[in-house]
Every structure is written in structure tokens, then in C-alpha cells.
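**Student:** Starting off with a structure, shown below.
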Amino acid sequence: MARTEAMKPVFSAIALQWRHLVSHYVAEWRIIRWLAPLVLLHSLIYVFLAPPWQHYDEPGHFLYAAYIVRGGISAPDNVAIAREVADSMYRHQFWPPNVRPDLLSPRPPAIPTDQRHHPPLYYIVMASIINPLRYLPVEMQLYAGRIVSALLMTLTVLAIWRTVQTIVPDEPRMALVLAAMAALTPAFVDLMSAFNSDVLMNFAAAAAFLGMAIMLRDGWRPAGLALALLGATVAILTKRTALPIVAPLGLALFWVAYRRPLRWWVYVLAASAGAGIVAVSSFTLTAEGLQTQPWLAAIERDYLRIPLVPWLISWADWGRAWPWYQRTLEVAHSHFWVRLAWGHIPVWPPVGDWLFAGLSLAAIIGLCRGAFTSFATLPLWQQRWLWLCLLAVAVAWFALFGRLHPLLLEGQPYIPRGRYLYWALVPTIWLVALGWQHLWSERWRPYTPYVLLAVLAIFDVAALMALVSFYYLN
């Protein structure tokens, strides 16, 4: 009896902790019950507002999945389904009025942007979705794929919300604000409602950043490690654009292994050692010059599709590259925020371009100010999350500029768009919101993110009006 009495405080503590845990998950479920349907409904508006084939490379993405349905990954072109898609594109005025696809040729009609150089993961998934619908009109199959994209968009926003909850659990409103910012970014939601492999990549990357946030906070937790590794793997296997996520993932794993503060020279030594190991294992010097190792040459040929040695050498041609860097910065930034469809529909030009350029510049100034005033007072794991975000954004832009290389001997290179930065959307909107907050005095900081949210909401309405005007009123 005395032993039972002695255990009562322990039982009471366990019961109290259990009730607290249950109440926490009930509160989170209440938020998910209204947040998820709202995001899904908003995404579905974009799904059905844009006519068929009016997203980046959508015909090519759909045909890749359709070819798998009709013959497997390595199947040759299926002329019948290609003709159906071309006819649908013509009927929905994809081409100018004087352009008509050749539907009588024994060869498939010319449809832009063949996507079969991409890894097959996304297309196998989508083939399983459209396979039961293969005898329905291609437009219905396309919209089925877009609805799947809207569902992934909803999960992406929930992952962002949960990431903010993980990093700043005492600011639940900020979690909703940042999730809403992602859901209302016009160009992002437009792409995330398309039949496009970027959708799966962006969702997987958001899940990976959630896993990294959990690891930085809690250490080697199975949930965080599994989310980070699985999310990054799926993103990389979906599209090579996500390959730079290896950098923040590697840093997160390093910090989980060394949770105590480290001196600056440790990072320099670790980075130097890592770069040396990569260089020695990846390249070799022969009589013909620098060459890639056989294992890297296979990846270079089958996945990266970039000649790595000329790519590295091309970075030294700074004089020729600089004007293209400037042009890429301008184009990619505007396409990240306020360009729709194939990038040819601007939202509220030129106000949108200048306004978001100003907001980004203001966020950078605010981040610099916060670095000297308040960031050092944060717990170590929260400071490391900020550094992780900075690294991810920096690597994303570096990789974007890298798409210009190797530079052409003459002529204009392909200018990469802002959609190549969306794998780093989570750290981007985090830094934008944080920098905007620290631009203001401490008294006004709790309210300033709502200004950003209001701006995005206004431009989201303007984006919907731009789509209606371009496709249905002209």
C-alpha cells in the first residue's frame, strides 16, 4: 500500500503529460481541418481556371506519363496519343491561329518540350493515376493529374506550417502566416496546380526541410531523419533541379552529430576536407587534361546532362557571364513571384516586379540588421536553422546561375526561370518574413508579417484576374 501511495505522483505526472499531448494534437488537428480544405480549394481554382496545356512544359510531362501507360518507361512514341494531345492543344488555342499540327503524318506531331530525359519516378506515379482513365478524353486525364498536383500543393503548405511550428512553437500565428504566404504566392500556386514533375519535387523538398527542422531541434529522432532523407531522395530522383538540397541536408546531419557550439575553423576544415574528398574521388588528371571518374561520367551522362569539366572551367569566364547573371537575377526573381502559365502572363506589371524586388531588398537589409541585434540571442538550434536557410537559398541561386554554364561561344544562353528555386521555397519565405520583421522596431515586428500576407493576397487576386483576362476576355 505504501508503495502504491509513493507511485501516485508519478502516475499523476504521466497522466498530466498524456493529457497535454492529446490536447496539443487535438489543437493541431483543428487547424488542419480548416487549413487543408482552404488550400485545396484555392489550388483547385487555379487547376480549372487555366485551360489545358497552359503550364510550363505540360504537354511533354503528360505525354511522358501517357507513353508509360501505353508501353512502359522505354516505350517509343505512341502516335495515337500524341495526335490526341496535339489535336486538344489546337482546339484549346495553344498555338497561334495560323499554326496547325500535322495529324496525318505517320510520325508523331511536333509537340514542344519532350520530358523523357528526366528521371521516371514522377511519371510512373502519374501513369498509375491516368491509366484507369486512358479511354477518356485527354483533357480529363490532364485534369486528373492536375488535381493530384493540388493535393500535393496542400500537403506542401501543411509541411511548411509544421516546419514553422517546429522551429518557433511559441508563435503559432506565424506558422499560419508563413503557410498562407506559400499558398498565396501567385507563381508558385500556379505551377503547383499543373501536370508537372516540379510539383512532386517541391513537396518532397518541403518534407525534407521539415525533417531537417525536427533534427536540429530534437537530434537523432527517427521521424526527423526519415523525413529529411526520404524527402531529399524523392526530390532528387524526381528532378535534377533538387540536387543542391544535398548541401543543407549534409549541414543538418553534421549539426545533429555535433550539437554543441563549434568554432569557425571547424567549418573551414570540414568544408575543405569535404571538397578535397569530392575532388579526388570525382576527377582525375590525364594527358588529355582534367577528366571525370567513370562513376561520375555515368551520372554526368544519364542524370546531370552537363559536361562537368567544361562547366567548371566556364565559371572562370566572369566577363562574359556577368551580363547574363544580371539578366538571370531579373528574370528569375520576377518569375518566382509574379509570372504565370508558361511565364508569359505577368501579374500587375510593372508594379509586381518592382514591388517584390523592393520587398526582397528590404528583407536582405532586415536580415543584416537582425544579425547584429537579435539573432545571437536565439538558442543554438534556432540559429543553426537560420544558417541552414541562408545556405539553402545561396546554393539555390548558385545552381540557378550554374544553368547558364558552359557559356555558349556565341548567342544568348537559356535564361533559367524562378521555378528552379522552388525546392528552396521554405527557407526563402522564412528569410523574407524574418528580414521584413527586423526592418521594423521591436514594437511593430509581431504585426509586420501580416503586411506581407496582405500583399500576397492582393497579388493572388490580381493573378486570378490576369488569368481570366488573358484566356477568357481577350
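**Student:** Which ³J(HN,Hα) values, rounded to whole Hz and listed in residue order, are derived for segment 296-307 from phi using the Karplus coefficients 6.51, -1.76 and 1.60 in 6.51 cos²θ - 1.76 cosθ + 1.60 with θ = phi - 60°, glycine and proline given as x?
**Tutor:** Working through the residues one at a time gives 6, 4, 5, 5, 4, 7, 9, 10, 6, 6, 9, x Hz.
**Student:** Further question on the same structure: Enumerate the amide H contacts of Phe283 below 5 Å, restricted to partners 5 or more residues apart or on another chain; note that Pro and chain-start residues carry no placed amide H.
**Tutor:** Counting only residues 5 or more places away or on other chains, the set is Gln293.
**Student:** Now, a different point. Specify the inter-centroid distance of segment 246-289 and segment 149-221, based on alpha-carbon positions, in whole Å.
**Tutor:** About 28 Å separates the Cα centre of segment 246-289 from the one of segment 149-221.
**Student:** Using a 10 angstrom Cβ neighbour count of at most 11 plus a DSSP loop assignment to flag exposed GluC sites (Glu not before Pro), which longest range of the chain is free of such sites?
**Tutor:** 1-287
**Student:** Based on the mean of other Cβ atoms within 10 Å per residue, sort peptides 348-356, 264-272 so the most packed one is first.
**Tutor:** 348-356, 264-272
**Student:** At q = 0.17, 0.21 Å⁻¹, what base-10 log of I(q)/I(0) does the Debye formula yield for segment 208-307 when every alpha carbon is treated as an equal point scatterer in vacuo?
**Tutor:** -0.93, -1.12
**Student:** Once the Cα gyration tensor of segment 133-187 is diagonalised, what are the square roots of 5 times its eigenvalues, in whole Å and ordered largest first, as equivalent ellipsoid semi-axes?
**Tutor:** So the three semi-axes of segment 133-187 are 33, 10, 5 Å.
**Student:** Give me P(r) over the chain, computed from all C-alpha to C-alpha distances, binned every 20 Å, as integer percentages.
**Tutor:** 21, 54, 22, 3, 0
**Student:** Can you tell me the 0 to 90 degree angle between the C-alpha axis of helix 222-238 and the longest principal axis of the chain, rounded to 10?
**Tutor:** 10
**Student:** Also, quick follow-up: Take peptides 140-147, 251-258 and line them up by average Cβ neighbours within 10 Å, highest first, as a rough protection proxy.
**Tutor:** Per-residue Cβ counts within 10 Å, averaged per peptide and sorted highest first, yield 140-147, 251-258.
**Student:** Whole-Hz ³J(HN,Hα) for each residue in segment 391-397, computed from phi via Karplus 6.51 cos²θ - 1.76 cosθ + 1.60 with θ = phi - 60°, x for glycine and proline: what do you get?
**Tutor:** 5, 4, 5, 4, 5, 4, 6
**Student:** Towards the positive end of the charge dipole of the chain, with charges on Cβ (+1 Lys, Arg; -1 Asp, Glu), say which of Tyr122, Leu133, Ala66 has the farthest Cα.
**Tutor:** Of Tyr122, Leu133, Ala66, it is Tyr122.
**Student:** Let me ask another. Using a 1.4 angstrom probe on heavy atoms only, work out the carbon and sulfur share of the accessible area of the chain in %.
**Tutor:** That share works out to 69 percent.
**Student:** Something else now. So, for segment 263-305, what is the accessible surface per residue at a probe of 1.4 Å, expressed in square angstrom?
**Tutor:** 73
**Student:** A follow-up question, please. Enter the angle in degrees (range 0 to 90, nearest 10) between the Cα long axis of helix 172-184 and the first principal axis of the Cα atoms of the chain, meaning the one along which they spread out most.
**Tutor:** So the helix axis and the longest Cα principal axis differ by about 0 degrees.
**Student:** Volume per residue, Å³, of the convex hull around the alpha-carbon atoms of segment 124-269?
**Tutor:** Spelled out: Cα convex hull of segment 124-269, divided by residues, is 129 Å³.
**Student:** Do the sum for the chain: with -39,500 (n - 2.57) for every DSSP H run of n ≥ 4, divided by all residues, what is the mean residue ellipticity at 222 nm, to the nearest 500 deg cm²/dmol?
**Tutor:** Value at 222 nm, helices only: -22500 deg cm²/dmol.
**Student:** One-quarter of the Cα convex hull surface for segment 263-305, in nm²?
**Tutor:** 4.0
**Student:** Rounded to whole Å and sorted largest first, what semi-axes of the equivalent ellipsoid does the C-alpha gyration tensor of segment 327-415 yield via the square root of 5 times each eigenvalue?
**Tutor:** Taking √(5λ) for each eigenvalue gives 30, 19, 11 Å, largest first.
**Student:** Loop-only chymotrypsin sites (Phe, Trp or Tyr not before Pro) in segment 384-470, please: DSSP not H, G, I, E or B, and at most 13 other Cβ atoms within 10 Å.
**Tutor:** Counting only loop positions with at most 13 other Cβ atoms within 10 Å, the chymotrypsin sites (Phe, Trp or Tyr not before Pro) in segment 384-470 are Tyr414, Trp444, Tyr447.
**Student:** Per q in 0.21, 0.22, 0.32 1/Å, what log10 I(q)/I(0) does a Debye calculation on the alpha-carbon atoms of segment 213-255 return?
**Tutor:** -0.63, -0.68, -1.11
The values are calculated or read from the model by the stated rules, or taken from the named source; none is laboratory data. All values reported here derive from a predicted model rather than from experimental measurement. FYI the Cβ positions are ideal-geometry reconstructions off the backbone, even for glycines, and counts take in every protein chain you see. Just the protein is used for accessible areas: all its heavy atoms, side chains included, with ligands, DNA and RNA removed. Shrake-Rupley method; radii C 1.70, N 1.55, O 1.52, S 1.80 Å.
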